[in-house]
1. Could you tell me whether residue 41 is closer than 21 Å to residue 130 by Cβ and at pLDDT below 90?
2. Being at pLDDT 95 or above and either among the aromatic types (Phe, Trp, Tyr) or open to solvent by 60 Å² or more (accessible area, probe 1.4 Å) (or both) is the filter here, so list the residues in segment 146-174 that pass it.
3. Only residues that are open to solvent by 40 Å² or more (accessible area, probe 1.4 Å) and within 23 Å of residue 155 (Cα to Cα): list them for segment 51-61, please.
4. Collect the residues in segment 112-129 that are touching a residue at least 60 places away in the same chain (Cβ under 8 Å), open to solvent by 10 Å² or more (accessible area, probe 1.4 Å) and within 21 Å of residue 37 (Cα to Cα), keeping them in residue-number order.
5. From 88, 48, 18, 73, grab the single residue that is at pLDDT 90 or above, out of contact with any helix residue (DSSP H, G or I) (no Cβ under 7 Å at 6 or more places or on another chain) and loosely packed, with under 12 Cβ neighbours inside 10 Å.
6. Across segment 130-145, which residue is farthest from residue 79 (Cα to Cα) among those that are of a type in the set (D, E, K, R) and surrounded by 13 or more Cβ atoms within 10 Å (Cβ to Cβ)?
7. Are any of the residues in segment 133-144 at pLDDT 85 or above, among the acidic types (Asp, Glu) and in contact with a Cys (Cβ under 8 Å, 6 or more places away or on another chain)?
8. Among the residues of segment 9-16, is there at least one that is under 18 Å from the mean Cα position of the chain (by Cα) and in contact (Cβ under 8 Å) with a residue 60 or more places away in the chain?
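The values are calculated or read from the model by the stated rules, or taken from the named source; none is laboratory data. Not measured: the values here are computed from a predicted model. FYI the Cβ positions are ideal-geometry reconstructions off the backbone, even for glycines, and counts take in every protein chain you see. Note: accessible area is taken over every heavy atom of the protein model, side chains too, but ligands, DNA and RNA are not part of it. Shrake-Rupley method; radii C 1.70, N 1.55, O 1.52, S 1.80 Å.
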Amino acid sequence: MTQEAVMAPIDTRELRHAFGTFATGVTVVTTRSDDGVPHGATVNAFTAVSLDPPLAQVTLTRTSRAARYLEGAPFAINILSLEQMDVALHFAGKAMPNEPEWTLDGFVPVLTQNAATLECRPWNIYDGGDHIIVVGEVISMEITKRPPLLFFGGKFREIGKLVEGAPWDHSGDGPESGWFAGSSSFKPFISL
C-alpha cells in the first residue's frame with residue numbers, strides 16, 4: 001500500500017485554521033494595469049526572500065484582480081500600519097466609502113500611512129496551486145515609526161508586550177550566531 005493511499009485528504013477549512021495560527025503582518029500589494037488604473041489586493045502571505053539581491057515575495061490568490069496585472073509589472077508591498085484596518089478591508093473586498101489615499105511614485109501606486117513600503121520590479125512568478133507566488137526585487141523602500149497591523153486567528157491584532165529573555169542584534173541562523181556550531185544534535189553545513 002502506498003503512502004498516498006493511507007493518508008486522508010486534508011480538510012481545507014482545518015488547513016486554513018492551522019495556517020491562521022501563524023501570526024502575520026498585513027500588506028496590500030499595489031500595481032497598475034496597462035491603461036494606468038491602480039489595483040490592489042490585501043495579502044498576509046508576505047516573506048523576505050533575500051538580502052543580496054534584495055528580494056521579497058507575496059502570494060496572491062489566482063482569482064484576485066491584482067494578480068492579473070502583476071505579470072512583468074512593477075508593484076509595491078504596502079506593509080500596513082495599525083491605523084489602516086479599513087484599508088486592509090477595502091482591498092479584501094469590503095469597499096470603503098472613500099478611496100484609500102495613495103500617491104504615484106513612477107509607475108507604482110503607493111498607499112499613504114504605511115508602516116513600511118517596498119517598491120519592487122518583477123523578478124519571477126511561480127505556480128502556487130490556487131495562488132501565484134510573486135517575487136520582486138526591492139528597488140526602493142520607506143520605513144516609518146507607525147506600529148504594524150497584525151493578523152492572527154482570522155482577526156486583526158496589534159503588537160503586544162515584548163517577550164523578555166531573547167534579545168539579539170542579528171539573525172539566529174546567521175554565521176555570527178554560532179547556533180548550528182554550538183548544537184550537539186545538528187551538524188553545520190559544509191560548503192564544498
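1. no
2. 146, 147
3. 57, 61
4. Of everything in segment 112-129, just one residue is touching a residue at least 60 places away in the same chain (Cβ under 8 Å), open to solvent by 10 Å² or more (accessible area, probe 1.4 Å) and within 21 Å of residue 37 (Cα to Cα), namely 118.
5. Details: 88 fails: loosely packed, with under 12 Cβ neighbours inside 10 Å; 18 fails: at pLDDT 90 or above; 73 fails: loosely packed, with under 12 Cβ neighbours inside 10 Å.
Going through 88, 48, 18, 73 in turn, just one is at pLDDT 90 or above, out of contact with any helix residue (DSSP H, G or I) (no Cβ under 7 Å at 6 or more places or on another chain) and loosely packed, with under 12 Cβ neighbours inside 10 Å: 48.
6. Once the filter is applied, the top-ranked residue is 137.
7. Checked segment 133-144: at least one residue is at pLDDT 85 or above, among the acidic types (Asp, Glu) and in contact with a Cys (Cβ under 8 Å, 6 or more places away or on another chain).
8. Filtering segment 9-16 for residues under 18 Å from the mean Cα position of the chain (by Cα) gives 16.
Adding the requirement that they be in contact (Cβ under 8 Å) with a residue 60 or more places away in the chain leaves none.
No; the residues of segment 9-16 include none that is under 18 Å from the mean Cα position of the chain (by Cα) and in contact (Cβ under 8 Å) with a residue 60 or more places away in the chain.
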